Structures are given as C-alpha cells and as structure tokens.
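Below is one structure, written out as structure tokens, with a few remarks after it.
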Amino acid sequence: MTDSMLKEVPEKFKDKDTGEVKLDALMGSYKELEKRMSQAPSVPKTHDEYCVDCSHGLFEADDEMNKQLHAKGFTNEQVQFVYDLAAEKMVPMIVEMADDFQADREIEKLVEHFGGEEKWTEMSRQLLAFGQKNLPADVLKTLSSSYEGVLALHNMMQGGEPSMSKVDNSNGNNGAELDLQSMMRDPKYWRDKDPSFISKVTEGFQRLYSN
C-alpha cells in the first residue's frame, strides 16, 4: 500500500503504535457493510418483478405505472406504499360517489311515483314537516334515506298522527309485538343511541306504515 493510499485509511483502522493498517478491523467493517447492503430493499431488475398486493379489489396493478416507478428507482416496498395510498384515498371517494348515485336514483323513483318534480317537491316538504312533528330525528332520518322509507312515511302521514302504542302483529313478523313507545323510553334508545336498538325501532315504524 502506497503512502498516499495509507493516508486515506481512517485512523480507527490503523495501529496506534506502528501506524500499520489493521486488516482484521478493516475486513470486519467491510463485512458488516456488505451485510447491511444485502438486507436493504433493492430495486428489481425489471418492473415485471414488482409484487403488488391489490386484494382490496378497487383496482389492479398498472403495468405502465410500474414502468414509470421502476424508472425512478422505486423498491417493491415503495411501490406497494404508492398503491396503498391510492386505495386509502380512493375508498372514501368511491363510497361518496356510490352514495350520491344511489340517492339520485332514489329521488328519481320518488319523482316518478308522486307524478313529477313539482308534486314531489311539495310532497317532500309536507313529509318533512310531518316527520319533524311526529317522529324522533333519527327515525325520520332513516325513513327519509330510502325510497321504501319515504313511502312508509307517506303512508304514515296519510293515516294521521302515528299511534306508537303497539305494532300490528297480525302478519306474524318477527318482533311485531314490540311496543315502540316503550322502546323509545329505553335508555339504549335516547341515552346510549344504540344503533341496533334504534334500527329495531325504525323497522317497527316501517312495519306499521309500509302497507
């Protein structure tokens, strides 16, 4: 080893007394570095070697995008992160779009059922006023969120102010004997806002007035 090369060797690899290079320390350091390098995520040789998990079902791996990510030197872990982030951001957007689409279809059905835009506009105003006067807010919200629920609310309004003392059990439906008024006094309904309990109350209303 020349003097110039020896000067480039860090002092920790030199013997303090002789100034000679400690080969065992130098080799140990090299092996440790090699070990770390082998454990570090590496970029596949081609973009086809990316293994992307798209089990969420929202979309599949895109070959063209993988080519671009490979060109930028992305490891498989980094590519997976890109796909996971896309799914995370897309899920709420897709759910919102689906809800909006479903709501539009429900309104179209209601407009047709009540005989046009003007009649539906007037009817929706009456139904809202009736529901706000006679029903708990959560029950009204549930009924007004679907075509069938609005029809149940309309039938309810046509029959006058609802009598919530008992559910008609003549048709033999499960839970038809439930007393809705008693259920609404239950702490699970007004205090705990138990979703399953509230759902039972709402179903009771629908059984009463959907015929």
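The values are calculated or read from the model by the stated rules, or taken from the named source; none is laboratory data. Bear in mind that the values here come from a model prediction, so they are computed numbers and not experimental data. Note: ideal-geometry Cβ built from the backbone for every residue, glycine included; neighbour counts use all protein chains shown.
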Inset, instruction - State which residue pairs qualify: first residue part of a loop (DSSP other than H, G, I, E, B) and inside the range 111-138, second residue not hydrophobic (A, V, I, L, M, F, W, C) in any location, beta carbons under 8 Å apart, and separation of 6 or more residues or different chains. - result: Leu135/Pro162
Inset, instruction - Looking only at the range 2-29, count how many residues are at pLDDT below 70 and surrounded by 10 or more Cβ atoms within 10 Å (Cβ to Cβ). - result: 1
Legend entry - Selection within the range 35-65 - among the charged types (D, E, K, R) and either in a loop (DSSP other than H, G, I, E, B) or at pLDDT below 70 (or both): Lys35, Arg36, Lys45, Asp53, Glu60, Asp62
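Do we find that Phe114 is among the aromatic types (Phe, Trp, Tyr), over 26 Å from Phe101 (Cα atoms), out of contact with any Gly (no Cβ under 8 Å at 6 or more places or on another chain) and at pLDDT 75 or above in this structure?
Judged against the criteria, Phe114 is not a match.
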Inset, instruction - Six or more apart or on different chains, Cβ under 6 Å: which pairs go from a residue in the range 58-71 that's assigned by TED's automatic domain parsing to the domain that holds Lys89 to one that's among the small types (Gly, Ala, Ser)? Could you list them? - result: Leu58/Ala87
